[in-house]
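Single-structure report; data block below.
The values are calculated or read from the model by the stated rules, or taken from the named source; none is laboratory data. The shown structure was predicted, so the numbers you read here are calculated from the model rather than taken from an experiment. Positions of Cβ are generated from backbone atoms using ideal geometry, with glycine treated the same way; all protein chains shown enter the neighbour counts.
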Amino acid sequence: MKFPASVPIPIPLPGARPDPAFTVEEAIVMRALVAGQTDKEIRNNLRLPANSFHRLMRDLREKTGTDNNLSLTIWAQRRMKNCDQRVNTRDRYERPVSIHKVA
């Protein structure tokens, strides 16, 4: 199939990689890394065995093209612009606690 001359054909640049697609577990781990959690904290929060966690981290490093956890964290911080910034605070839509005691 021939394309008309006016239609540009994308040419991949050498060394350029598109942003990878992450699984749900990988996205949770990436958010936790950006939030500054340690590997042990992430493992405990997700209730993952050590082998599964290390496999997950290896897969993340392969997808992002990084060598170690520090470069993976830096990669995530630079690319996760709209990162979910969850903190342990009360939900702003929660019903306010009454100051007055009801008898």
Close pairs (9 angstrom Cβ cut-off, 6 or more residues apart or separate chains): of a type in the set (D, E, K, R) in the stretch 41-64, loosely packed, with under 12 Cβ neighbours inside 10 Å anywhere: R43/P49; R43/A50; R61/D67; R61/N68; K63/A21
In this structure, is F22 assigned to a loop (DSSP other than H, G, I, E, B) and among the aromatic types (F, W, Y)? yes
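This table checks each residue for (1) assigned to a helix (DSSP H, G or I); (2) in contact with a Pro (Cβ under 7 Å, 6 or more places away or on another chain).
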site	(1), (2)
A27	yes, no
R31	yes, no
Q37	no, no
E41	yes, no
L48	no, no
N51	yes, no
R55	yes, no
D59	yes, no
K63	yes, yes
Boolean, L60 is exposed (fewer than 15 other Cβ atoms within 10 Å of the Cβ) and modelled with pLDDT under 95: no
